[in-house]
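I'd like to ask some things about the structure below.
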Amino acid sequence: MRFVLLCLSLLLTASPSFAQEALGLAAPREIQDSGLLKHILPRFSLKTSIRVVADEAGPMVLATDPQGTAVLARGDTVYYLQVPDEAKAKRFADWITSDVGKRTIESFKPATGVPFSAQFDVVEVEEDPLFEGDANAGATLSLTHCGRCHVIGPQNRMSGLGSTPSFQILRALPDWSDRFQQFYALKPHAAFTQLEGVTEPFDPERPSPIVPVEMSIEDLDAILAYVTEIEPADLGAPLALQ
């Protein structure tokens, strides 16, 4: 009897199936139906003695929402793993992104559909910055302050300087946001622009060569909000004279 109790005690202590509480992993239905989790989770448990099971309420989450770490893909869909700040969960995250974990994912052959991949490129899409200014006011301010040199839009299509890019062209540049936010410090604007509370007054011996552009921070915020809404020019299309 003592021998049986001793064996049972050792079994409960050594076996991850009985001794440890399972760590839940929530995953989309398409992942569960594919059989992928049934393939990789037992192999992780065998390797680490940490039980991970499919659980819709689990603290670990595998989802298409681009948060966490990109761990696998199927076709054009990339799945990201989010784990809590807990040692066992971090161990799973380290394993699934390791060479062994990647090989385990790619060794799975689904009964239907394309296979999963652990080798892929994640394309980061940069979102346009958000500006809280009044875009309608920004349209008027842009025309008033900038329309003498730049084509702002249809409202001054026949104006502007031929050597000066339109707002639509500037909007298509990768660094358009920086250009507009710092325009008052860039040539040639610095020579004739005064931003209230930011720029220094003109040197009396070097006055503005043209009627100065004077605006407030609120004016600049409004212009930025307006520019955000402008449709960028197609820089791959033939250039047209403005």
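Yes/no matrix, rows are residues, columns are (1) assigned to a helix (DSSP H, G or I); (2) farther than 24 Å from residue 134 by Cβ; (3) touching a residue at least 60 places away in the same chain (Cβ under 8 Å); (4) not assigned by TED's automatic domain parsing to the domain that holds residue 145:
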{"site": "187", "(1), (2), (3), (4)": "no, yes, no, no"}
{"site": "190", "(1), (2), (3), (4)": "yes, yes, no, no"}
{"site": "198", "(1), (2), (3), (4)": "no, no, no, no"}
{"site": "201", "(1), (2), (3), (4)": "no, yes, no, no"}
{"site": "207", "(1), (2), (3), (4)": "no, yes, no, no"}
{"site": "221", "(1), (2), (3), (4)": "yes, no, yes, no"}
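Just need a number here: residues in the stretch 150-171 that are at pLDDT below 90 and out of contact with any helix residue (DSSP H, G or I) (no Cβ under 8 Å at 6 or more places or on another chain).
First, pick out the residues of the stretch 150-171 that are at pLDDT below 90: 153-164.
Subset that is out of contact with any helix residue (DSSP H, G or I) (no Cβ under 8 Å at 6 or more places or on another chain): 154, 157-164.
Selection size over the stretch 150-171: 9.
Let me ask something additional. For the stretch 76-122, which residues satisfy the criterion of being in a loop (DSSP other than H, G, I, E, B), among the β-branched types (Val, Ile, Thr) and under 26 Å from residue 57 (Cβ atoms)?
Just the residues of the stretch 76-122 that are in a loop (DSSP other than H, G, I, E, B), to begin with: 76, 83-86, 97-98, 107-116, 118-122.
Going one step further and asking which of them are among the β-branched types (Val, Ile, Thr), we end up with 83, 97, 112, 114, 122.
Answer for the stretch 76-122, where residues must be in a loop (DSSP other than H, G, I, E, B), among the β-branched types (Val, Ile, Thr) and under 26 Å from residue 57 (Cβ atoms): 83, 97.
Confirm whether residue 14 is modelled with pLDDT under 95, more than 15 Å from residue 88 (Cα to Cα) and among the hydrophobic types (A, V, I, L, M, F, W, C).
Spelling it out, residue 14 is indeed modelled with pLDDT under 95, more than 15 Å from residue 88 (Cα to Cα) and among the hydrophobic types (A, V, I, L, M, F, W, C).
Right, something else. Of the conditions (1) in the same structural domain as residue 144 (by TED's automatic domain parsing); (2) in contact (Cβ under 8 Å) with a residue 40 or more places away in the chain; (3) surrounded by 18 or more Cβ atoms within 10 Å (Cβ to Cβ); (4) in a loop (DSSP other than H, G, I, E, B), residue 233 clears all except one; give me its number.
(1)
Of all residues in the stretch 130-146, which are at pLDDT below 90 and surrounded by 18 or more Cβ atoms within 10 Å (Cβ to Cβ)?
131, 133
Let me ask something else. Pick from 192, 167, 183: which is in contact with a strand residue (DSSP E or B) (Cβ under 8 Å, 6 or more places away or on another chain) and crowded, with 17+ Cβ neighbours inside 10 Å? Reasoning before the result, please.
Values: 192 fails: crowded, with 17+ Cβ neighbours inside 10 Å; 167 fails: in contact with a strand residue (DSSP E or B) (Cβ under 8 Å, 6 or more places away or on another chain).
Only one candidate passes the filter, namely 183.
The values are calculated or read from the model by the stated rules, or taken from the named source; none is laboratory data. It should be emphasised that the depicted structure is a prediction, and the values quoted were computed from it without experimental measurement. Positions of Cβ are generated from backbone atoms using ideal geometry, with glycine treated the same way; all protein chains shown enter the neighbour counts.
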